[in-house]
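Derivation of every value follows stated rules applied to the coordinates shown; laboratory data play no part. Values in this document were obtained by computation on a predicted structure and should not be read as measured data. Note that we place each Cβ from the backbone using ideal geometry, even for glycine, and neighbour counts take in every protein chain shown.
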Amino acid sequence: MKTYKHALTLDETNLKALQCAGWLSFQLERSNEALDYLTKASLIDEDDVNIMFMKGRCYLKAKQYNKAYDCFHKSLTKEPKNSMFWCSLGILFAEMNQVFDLML
């Protein structure tokens, strides 16, 4: 993580450093920090499907289902054959269904 943070001190718009720092933060269970990095990255390249997918994973983890759906939908619009995106959308729907079942 130090390497990515150092790269960002040299260039705060380093897309790969933002993307990698975001995904590493997510892996370390720091969803809010991950979203900060990934949001900055998506402002630089709003068409990057991997950044959008990673943001969707963060939102899913944070139980922000509408935002997660938007991210996964945008990713699938650009890469409709990506099985990882479809699996994540399925996980989202499964989690939403569990929440719905608890509310009944």
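Details
- Here is the list for the range 20-69: trypsin sites (Lys or Arg not before Pro) lying in DSSP coil, each with at most 14 other C-beta atoms within 10 angstrom of its C-beta, are K63.
- Residue among C58, C87, C71 with the largest mean-square fluctuation in a Gaussian network model of the chain, springs linking Cα atoms under 10 Å: C87
- Ranked S31, S83, S25, criterion: other C-beta atoms within 10 Å, fewest first: S83, S31, S25
- Under a model in which nothing but the beta-carbon of Lys, Arg (+1) and Asp, Glu (-1) is charged, the range 14-104 shows a dipole of about 60 debye around its Cα centre.
- Radius of gyration and Dmax over the Cα atoms of the chain, both given in Å: 14.4, 52
- Helix runs (DSSP H) in the chain reaching 24 Å along axis by Cα, Kyte-Doolittle at least 0.5: 83-103
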